[in-house]
1. Using alpha carbons only, how many angstrom separate the centre of region 71-125 from the centre of region 130-208?
2. Once you have the Kirkwood Rh of region 134-207 from its Cα pairs, apply Stokes-Einstein at 25 °C and 0.890 mPa s and quote D in µm²/s.
3. No solvent, one uniform scatterer per C-alpha: report log10 I(q)/I(0) for region 1-122 via the Debye equation at q = 0.14, 0.19, 0.22 1/Å, two decimals.
4. Could you list Phe25, Phe199, Phe237, Phe77 so that the one with the fewest beta carbons within 10 Å of its beta carbon is first and the one with the most is last?
5. Order by neighbour count: Ser30, Ser145, Ser236, fewest other Cβ atoms within 10 Å first, most last.
6. What list of whole percents do you get for P(r) of region 190-242, with Cα-Cα distances grouped in 10 Å bins up to the one holding the largest distance?
7. Hey, with R₀ at 30 Å, roughly what FRET efficiency would Phe199 and Arg119 work out to, going by the Cβ-Cβ distance, to 0.05?
8. Convert each backbone phi in region 227-237 into a coupling constant with the Karplus relation 6.51 cos²θ - 1.76 cosθ + 1.60 (shift: θ = phi - 60°), then list the ³J(HN,Hα) values in order as whole Hz, x for Gly and Pro.
Amino acid sequence: MTDRFSLAGHHALVTGASSGLGRHFAGVLSASGAAVTVAARRESALADTVARLGGDGRTAQAVPLDVTDPGSVAAAFAAAEARFGPVTVVINNAGITSAGAALDMGEEDWSSVIDTNLRGSWLVAQQAARGMAPRGGGSIVNIASILGLRVTGGVAPYAVSKAGVVQMTKALALEWARHRIRVNALAPGYIETELNDAFFASDAGKALIRRIPQRRLGELRELDGPLLLLASDAGSFMTGSVVTVDGGHLVSGL
Ligand code: NAI
């Protein structure tokens with residue numbers, strides 16, 4: 001059974017792997033046996049990710065990628081496959097947010113978030129599937145959020161983008177099952193990272209944590225099992241699924 005979680009012989013590409021969840025996911029996939037391509041805009045940060053994965057260039061490599069640019073997406077896949085062969089697993093993780101009241105937001109707040117989180121995930125999934133379909137399939141894991149399933153104030157474009165990612169996951173799963181491409185989404189709740197620890201130490205952050213049934217933030221390692229389930233053969237009958245990992249946040253009382 002445990003062998004079904006192995007990614008030996010696979011080539012996984014992780015977008016937005018220069019920090020946070022993406023960098024962590026790259027490590028998890030590498031430890032499970034995959035050759036890993038880490039892709040994002042900041043090449044120096046990517047080099048650091050590759051160094052953390054062993055750095056000998058045989059099982060991890062970096063390629064530049066801007067998910068909002070179709071030419072960059074195509075070039076990233078071409079560069080990744082030139083070295084490590086066909087991409088069989090994609091983690092669609094790159095994402096940004098903007099915070100503020102919807103009445104006050106500028107057009108740019110909307111368009112940048114939708115462009116990166118939704119259109120970018122679409123471009124990457126489509127590029128991946130065009131390679132996977134004629135080669136016998138693969139697994140695409142879209143990183144959504146519990147904010148794609150319920151809302152809170154001050155992050156409207158982000159919540160809309162992630163709801164789009166959830167629906168995109170289902171639409172692509174339906175169309176691509178015939179090509180043996182599985183498309184699933186991982187929807188994390190609030191996970192502790194370097195970027196948000198100051199907020200969660202504040203009064204507003206502590207109040208938010210009290211609304212999570214488990215009364216705590218998630219840890220990066222708590223995403224490992226769900227990620228591997230969706231990425232590997234262990235999830236071979238799963239497609240169009242949205243797996244939440246949130247300490248019960250979505251079932252908090254109304
Ligand atoms: P982060 O800011 O540390 O990582 C985001 C990554 O995406 C960075 O490497 C950044 O360079 C990259 N990126 C942004 N725009 C890009 C573009 N145009 N092209 C290529 N790469 C780009 O944030 P974090 O927290 O690690 O988020 C990763 C994903 O997880 C996002 O999709 C986020 O929405 C999602 N998420 C995070 C949660 C959390 O609690 N941290 C909870 C739920 C979802």
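1. Result: 12 Å between the Cα centres.
2. Numbers: Rh = 14.1 Å.
Diffusion coefficient, whole number: 174 µm²/s.
3. -0.59, -0.95, -1.19
4. Fewest-to-most Cβ neighbours within 10 Å comes out as Phe237, Phe199, Phe77, Phe25.
5. In order of increasing Cβ crowding within 10 Å: Ser236, Ser30, Ser145.
6. 21, 37, 26, 15, 1
7. So, using R0 = 30 Å, E works out to roughly 0.65.
8. After applying 6.51 cos²θ - 1.76 cosθ + 1.60, I find 4, 5, 4, 6, 6, 9, 5, 4, x, 4, 9 Hz.
Bear in mind these aren't lab numbers, they're just calculated from the coordinates by the rules spelled out. Just so we're clear, the structure is a prediction, and the values are computed from it rather than from any experiment. With ideal geometry, Cβ positions are generated from the backbone for all residues, glycine too; neighbour counts draw on all protein chains shown.
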